[in-house]
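Below is one structure, written out as C-alpha cells, with a few remarks after it.
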Amino acid sequence: MSKAIVYTDTGPPDVLRLADVDEPQVAQGQVRLAVRAAAVNPIDWKIRSGAFGGVSLPATPGTDVAGVVDQVGDGVADLAAGDEVFGFALGGSYAEYAVVEDFVVKPPDMPWEVAASLPIAAETSQRVLDLLDVGDGDTLLIHGAAGSVGGIATQLAVARGAAVIGTASQRNHDYLQTLGATPTVYGDGLVDRVRALAPDGIDAVLDTAGKGDLPASIELRGGTTDRIATIADPRADDHGVTFSGGGGKRSLAGLREVAARYEQGTLVVPIRATYALADAAAAQRDSEQGHGRGKIVLVP
Ligand SMILES: NC(=O)c1ccc[n+]([C@@H]2O[C@H](COP(=O)([O-])OP(=O)(O)OC[C@H]3O[C@@H](n4cnc5c(N)ncnc54)[C@H](OP(=O)(O)O)[C@@H]3O)[C@@H](O)[C@H]2O)c1
C-alpha cells in the first residue's frame, strides 16, 4: 500500500483526503514513478469541483509529475529503475506513486519542484505558440503572462524572437521584465495601454487568463480573430476565437525545449508555494485564488 490523495465525491477542496491505496501497476509502454513532486494545475480543481462532470470516482487529482522510475513496462526502451523523469501522469499525480507514458528525462541539476512544474505549462505553451505561428519579429500579447502557462509561453516566445507584451497585476511587473516581456496591467483601458506600447499593432494574442479579454484582443488585431487563441475562456466560440485544449497524446517537444533551456541557464521557473501531499486541499485553495507567479507544488 502507499499514500495518495483521493476523492469519492466532487465538491469543495475538503473532499480531498489522504488515503491508503494500492500502488498503480504499469501497462505496455508505461513506467511507474516514485513521486518526488507533483504540481497543482487549475484543471485539477475544476475537475474536483464537478464543473466538468463525468469524472470517474474515486479519483486522484493531478497530471504534472516528476519522480524516480521504479517499474518499467514492456516496450519502454532506454530507461531503467532509478532514472529521473518528468511528464504527464495517468490516473493522478497527487500520490507517492504515479504511472506515466509521456515523459522526458530530468536534467540532473533540475530541482524536483521545477521538473514537476513544467509538463502542462511547457506542452501548452509550445502548442499554442505553434498554433499562432509566433516567430521572429512578431509582437505577441499574452493575457495572464505571470501565470504558470503565461511565464513559460513568454520565455518561449521571446526565444523565438517575438516582442511580448504581457498583462499581469502590478506586483508581477518586475518578474515579467526579467522574462523579457513588456508588462502592463489588465482591466479597464487595456486596449489604449497596449496600443501605446505597440503603435505598429499586435500580430498575435495568447489568452491564458480567460477573464473576458477576447473582445479587446479582436479590437487590437484590427477586428479579425486570426492569430488569437485562448486556453481558458469558455466563451471562445461566441467570439469566433480558437480554443486550444490539451488532452490526448501529448507532444514532448515543449518539455525537451524547457529542459534544454534550463540546462543552459536560460529558463526561469518560479515556485509559488510548496505543500506536503497531505495538504493538497490547501494547495488547491491557493491555486483557486487565481493570482500569483509560477507553480504550486506538492511534495510526498
Ligand atoms: N487549454 C489548455 O490546454 C490549458 C492548459 C493549461 C492551463 N489551462 C487553463 O489556463 C488558465 C491558466 O492556467 P495557469 O496554470 O497558468 O494558472 P495560474 O498559474 O494560476 O495563473 C493565472 C494567472 O492569471 C492572471 N490573472 C488573474 N486575473 C487576470 C485577469 N483579469 N486578466 C489577466 N490575467 C489575470 C494572474 O496574474 P496576477 O497574479 O498578476 O493577477 C495569474 O498569474 C487556467 O484556466 C487553466 O485551467 C488550459
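The values are calculated or read from the model by the stated rules, or taken from the named source; none is laboratory data. All values derive from a computational prediction rather than experimental measurement. Don't worry about glycine lacking a Cβ; one is built from the backbone with ideal geometry, like all the others, and counts go over all protein chains shown.
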Considering segment 125-154 alone, what residues qualify as being surrounded by fewer than 24 Cβ atoms within 10 Å (Cβ to Cβ) and closer than 30 Å to residue 29 by Cα?
-> 126, 127, 130, 131
By residue number, the members of segment 234-252 that are surrounded by 13 or more Cβ atoms within 10 Å (Cβ to Cβ), of a type in the set (Gly, Ala, Ser) and over 20 Å from residue 219 (Cβ atoms) are 244, 246, 251
Would a scan of segment 279-286 turn up a residue that is over 23 Å from residue 108 (Cα atoms), loosely packed, with under 14 Cβ neighbours inside 10 Å and more than 11 Å from the ligand (Cβ to nearest atom)?
-> no
From 227, 193, 235, residue being at pLDDT 95 or above, closer than 22 Å to residue 42 by Cβ and away from the ligand (no atom under 11 Å from the Cβ) | 235
Of the numbered conditions (1) farther than 30 Å from residue 6 by Cα; (2) within 24 Å of the chain's Cα centre (by Cα), residue 223 satisfies every one except a single condition; which is it?
-> (2)
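What strands (runs of 3 or more DSSP E) completely inside segment 198-286 contain at least 3 residues that are of a type in the set (Asp, Glu)?
Counting at least 3 such residues, we get no strands (runs of 3 or more DSSP E) at all.
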Note on residue 275: of the conditions (1) of a type in the set (Ser, Thr, Tyr); (2) surrounded by fewer than 17 Cβ atoms within 10 Å (Cβ to Cβ); (3) assigned by TED's automatic domain parsing to the domain that holds residue 96, unmet is (2)
Residues of segment 196-224 being away from the ligand (no atom under 13 Å from the Cβ) and surrounded by 16 or more Cβ atoms within 10 Å (Cβ to Cβ), which ones?
-> 198, 202, 203, 204, 218, 220, 221
Set 171, 127: member being within 13 Å of the ligand (Cβ to nearest atom), free of Cβ contacts under 8 Å to residues at least 24 places away in the same chain and not assigned by TED's automatic domain parsing to the domain that holds residue 92 | 171
Check residue 233 against each of (1) within 27 Å of residue 111 (Cα to Cα); (2) in contact with a Gly (Cβ under 7 Å, 6 or more places away or on another chain); (3) not β-branched (Val, Ile, Thr) and name the one condition it does not meet.
-> (1)
